[in-house]
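Trainee: One structure, pasted below without further comment.
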Amino acid sequence: MSLLGVVLGLITSEADFARALSTSPTFLPQMAPLVAIAFVAPVALVLYMWRRACGPVGEASPGALHADRRGVVVASDFALVILPIILFVLGILQTAWLMRETVIVHYAAYAAARSARVHLCPPMPESLALSMMRARGEGDCTDDRGRAEAAARLALVSASPPWGIPCLGACEVPEAALSAIARNTGNAARLAALRDQARYAFDADNVRVDVGFVPQFAWLAMTPGAEPPVRARVTFRHYVVYGVGRALGVRRADGYYYRESTAEVSLL
């Protein structure tokens, strides 16, 4: 099994979603730098600090370092290193959060593509056979792009902050769907926090969804029952904590920080 297969197996047990991730042009380019920051950077920093502490005279063993009690001012050391350590830990936590949210954003694109597959009517001439069927009233597509967008936004609720970030655009939350989700998942006590998350996910400024069919060769138009692949692109503004906002994010007009990413998924 390839390394990508192992990673996808750890992320999801849903075969269709794993295939969508493996063919997505945005997943690996976004995930690889985050993995490097979250895992490689801390190890490199620890090795560098240990090497500097050991000094150039060969005291490289942990026992020798532990036995070295030459003049240390603990309070001064603590005051000097506490702020950099806090910022470093915040950066690692934010990076891990972004890794989690990268998977969720791609799942939102996957959900939008699945909804579009059902509700969008394939254009001519890419699917001439189906177009003729639906012209005779035999089809069931509605060309309702709003359903695909709603599917993506509902998936993004779990990637949104639960502490009441102000809305910049329209924030029309589907209360009935949200209450049903909270009740059926055993989170009725967290309904207020879910509403805060949903307001962020349904803020028009935080999410952009684009769905459509991938143009195909003309021979596909003459294949009975054939449909062109559907593609969904979801752009999401990840919330970034204030301590590392200047380094990792972009400042909004109200002072909050975000980092924007785009997920693209295609389904046959």
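Trainee: Report, ordered by the first and then the second residue, all pairs with beta carbons closer than 8 Å, sequence separation of six or more or different chains, a first member in region 238-249 that is closer than 24 Å to residue 208 by Cβ and touching a residue at least 24 places away in the same chain (Cβ under 8 Å), and a second member that is assigned to a strand (DSSP E or B) and not aromatic (Phe, Trp, Tyr).
Mentor: 238/259; 238/260; 238/261; 240/259; 248/240; 248/259
Trainee: While we're on this one: Kindly indicate the residue of region 188-207 that is closer than 17 Å to residue 109 by Cβ and in contact with an Asp or Glu (Cβ under 9 Å, 6 or more places away or on another chain) and also surrounded by the fewest Cβ atoms within 10 Å (Cβ to Cβ) among those meeting that condition.
Mentor: 207
Trainee: Among helices (runs of 4 or more DSSP H) lying entirely in region 1-71, which contain 1 or more residues that are at pLDDT 60 or above, open to solvent by 60 Å² or more (accessible area, probe 1.4 Å) and aromatic (Phe, Trp, Tyr)?
Mentor: 41-54
Trainee: A follow-up question, please. If you go through region 141-182, how many residues are of a type in the set (Gly, Ala, Ser) and in a loop (DSSP other than H, G, I, E, B)?
Mentor: Looking only at that region, the number is 4.
Trainee: Does any residue in region 202-220 that is more than 17 Å from residue 232 (Cα to Cα) and modelled with pLDDT under 90 come within less than 6 Å, Cβ to Cβ, of a residue that is part of a strand (DSSP E or B) and β-branched (Val, Ile, Thr) six or more places away or on a different chain, and which pairs are these?
Mentor: Pairs found: none.
Trainee: With respect to residue 151, is the statement that it is at negative phi and modelled with pLDDT under 80 true?
Mentor: It is false that residue 151 is at negative phi and modelled with pLDDT under 80.
The values are calculated or read from the model by the stated rules, or taken from the named source; none is laboratory data. No experiment lies behind these values; they were computed from the predicted model shown. Reconstructed Cβ throughout: ideal geometry from the backbone, glycine too, with neighbour counts over all protein chains shown. Note: accessible area is taken over every heavy atom of the protein model, side chains too, but ligands, DNA and RNA are not part of it. Shrake-Rupley method; radii C 1.70, N 1.55, O 1.52, S 1.80 Å.
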